[in-house]
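The values are calculated or read from the model by the stated rules, or taken from the named source; none is laboratory data. Note that the coordinates shown come from a computational prediction; the quantities given were computed from them, not determined experimentally. With ideal geometry, Cβ positions are generated from the backbone for all residues, glycine too; neighbour counts draw on all protein chains shown. Note: accessible area is taken over every heavy atom of the protein model, side chains too, but ligands, DNA and RNA are not part of it. Shrake-Rupley method; radii C 1.70, N 1.55, O 1.52, S 1.80 Å.
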Amino acid sequence: MSTTMIDQHPAWQALREHADTMRDIHLATLFREPGRYPDFSRRAAGLMLDLSKQRWRHETLDKLLDLARAAGVPEAIVRLLAGERVNISEDRPALHTALRLPAEARLVVDGEDVVPAVHATLDRMAHIVEQCHAGQWRGATGKAVTDVVNLGVGGSDLGPLMVSHALADYRPRDIHPLEVHFASTMDGSQLADYLTRFNPETTLFVLSSKSFTTVDTLSNARTAQDWLMSHLVNGDGDRELVQRQHFIGVSASPEKMSEWGIAEDHQLEFWEWVGGRYSLWGAIGLPIALAVGMDNFRALLAGAHSMDRHFAEAELEANLPVLLALAGIWNNNFLDIRAHSILPYDGRLEFFASYLEQLEMESNGKSVTNHGELTHYSTCPVLWGQLGPNAQHAFYQLLHQGTQAVECDFIAPMRRYDRVEDEATRQHLKNQHRLTLANCFAQSRVLMLGDEAIDDDGPRPSHKRYRGNQPSTTLLLERLTPETLGSLIALYEHKVFVQATIWDINPFDQWGVELGKKIATQTERVLASREGVEALDESSRGLIEAVWEAESRN
């Protein structure tokens, strides 16, 4: 592919001209054309994707597929899954998909088959999980661990937290009681709550950090370490035992884990070719496995792998990640819709929007192409969301009658509560689920049709009118299981990659994040030492001096 900016390509220009003809066509008009639902819905890997409520026609999709081919999407998919160095700025592969390859697979990267090492780590995870679930992992005083606290931030927190919560129904029974918790906040507020309630004799900490230098995680880890030592160390020999039995490390830097004092056989490694926000599939997923069991964790991997295979094998026009990505490209770059809301209609997916915020905006929040040129076009939209039933009472007012156009993703399982044993309770809960689905479908219908969704009840004042024409996607899962959740997450991962390929940006680095960390470290030194403040800007000086003044009053 040439280095010509994608917005200069004839396929982009054709879409721009086509958008001029579509801009004033309402979704209500498009739905008068027969066959939209069967024409724009697809099934794969346990998911059903309905794109019929997007503001497009067959001609639109054909032109978007032309754009994807012009941008080299088919070739990019092959490069990603083959382990080529698609992370250009850091000159390495992005092989999160390798973490969910079956044991019999083979993937050679730089002369080495990476699959055996992946499964060796999974086997070590399984051993830890087995010990904890059997009550055999004991603290320094000999008592079995009952609480595990994951200390991580970003990809070391959001993914494991989201999946552990989503799969709470799959927690294994008849095991030693074990609760998994998450602490990510730099200010220590989450951790402080745990330390007031938990028994240090039975608390295990998992330090999850790719670099093992992340200040958020290490500051929490030092606090946890001091808490354990102050409660459990009575003699010189106790410190090493406490350190060994109450800490597990997960990192791509084993030497730094050892320097911190993590016992070598309590270290789980992952690799530089796994980005943090793509890392829940490996050792970073230890909290998931502890929460739901290793069998369910492996089922999660299998579901993601099924989406990987679909992504690799399906033609573009039937490829779920490609189609989802193209809908976003159409809205963002040609209809000027720069906001995107994620709206799950299942309480177990409470943290899914937060997870996608990092996945999408950290990956594609870029404005420089792979060739070092500033983009002339929009890339990642602003993405946010929360549980749909709650959001209906929060920001749906803006969706229905505000001035901001927003693309929405509605996500729900078709079936739920089949496993509830009590018949009466099961029926009540199924009724609630049906009510939830009714709200999900009704909201997307009103966002689409506006006033046309309402039976004609005579004239209404303008403040009771609804413009509609808000595009949306609906994603249905047969059930929310480890397999379908894995498939759902992988769907969005690949969607991000397809969009990055079209925009010609690198979705696997995060230099903006790195800069923020660097400047924060410098600022913390000024705050602590009270030296160097004169070199800062006027606002930063004023804020720091206000803090110093407040400290002096105590």
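Quick rundown of the values:
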| read-out | value |
| --- | --- |
| Criterion (aliphatic (A, V, I, L, M), in contact with a strand residue (DSSP E or B) (Cβ under 8 Å, 6 or more places away or on another chain), modelled with pLDDT of 95 or more and open to solvent by 10 Å² or more (accessible area, probe 1.4 Å)) met by exactly one of Ala283, Ala327, Ala314 | Ala314 |
| Pair list, Cβ < 6 Å and 6+ apart or interchain, from the stretch 162-177 residues that are open to solvent by less than 20 Å² (accessible area, probe 1.4 Å) to residues that are modelled with pLDDT under 95 | none |
| Residue selected from the stretch 219-278 under the condition of a type in the set (Val, Ile, Thr) and free of Cβ contacts under 8 Å to residues at least 60 places away in the same chain, by the criterion farthest from Val153 (Cα to Cα) | Val233 |
| Breaking point among (1) within 29 Å of Met22 (Cβ to Cβ); (2) of a type outside the set (A, V, I, L, M, F, W, C); (3) touching a Phe, Trp or Tyr at 6+ places or on another chain (Cβ under 7 Å), for Asn296 | (1) |
| Condition met for Leu324 (in contact with a helix residue (DSSP H, G or I) (Cβ under 9 Å, 6 or more places away or on another chain), touching a residue at least 60 places away in the same chain (Cβ under 8 Å), part of a helix (DSSP H, G or I) and of a type outside the set (Phe, Trp, Tyr)) | yes |
| Answer residue from the stretch 1-33, given it is over 16 Å from Trp330 (Cα atoms) and assigned to a loop (DSSP other than H, G, I, E, B) and is least open to solvent (accessible area, probe 1.4 Å) among those | Met5 |
| Unique match (being open to solvent by 40 Å² or more (accessible area, probe 1.4 Å), among the hydrophobic types (A, V, I, L, M, F, W, C) and either farther than 30 Å from Glu373 by Cα or not in a loop (DSSP other than H, G, I, E, B) (or both)) among Ala76, Ala68, Ala98, Ala120 | Ala120 |
| Residue list for the stretch 247-280, restricted to those being open to solvent by 10 Å² or more (accessible area, probe 1.4 Å), closer than 17 Å to Ala126 by Cα and not in a helix (DSSP H, G or I) | Gln267, Glu269 |
| Residue within the stretch 36-48 that is polar (S, T, N, Q) and either under 21 Å from Ser378 (Cβ atoms) or open to solvent by less than 10 Å² (accessible area, probe 1.4 Å) (or both) present | no |
| Output for the stretch 362-400, where each listed residue is open to solvent by 70 Å² or more (accessible area, probe 1.4 Å), part of a helix (DSSP H, G or I) and aliphatic (A, V, I, L, M) | Leu398 |
| Residue identified as open to solvent by 10 Å² or more (accessible area, probe 1.4 Å), farther than 21 Å from Ile329 by Cβ, at pLDDT 90 or above and out of contact with any Pro (no Cβ under 9 Å at 6 or more places or on another chain) among Ala520, Ala528 | Ala528 |
| Per-region count, the stretch 341-361, residues farther than 30 Å from His9 by Cα and either assigned to a loop (DSSP other than H, G, I, E, B) or out of contact with any Gly (no Cβ under 9 Å at 6 or more places or on another chain) (or both) | 7 |
| Residues within the stretch 34-45 that are touching a strand residue (DSSP E or B) at 6+ places or on another chain (Cβ under 8 Å) and in a helix (DSSP H, G or I), tallied | 1 |
| Residue that is farthest from Ser472 (Cα to Cα), among those in the stretch 407-438 that are open to solvent by 90 Å² or more (accessible area, probe 1.4 Å) and touching a residue at least 40 places away in the same chain (Cβ under 8 Å) | Arg419 |
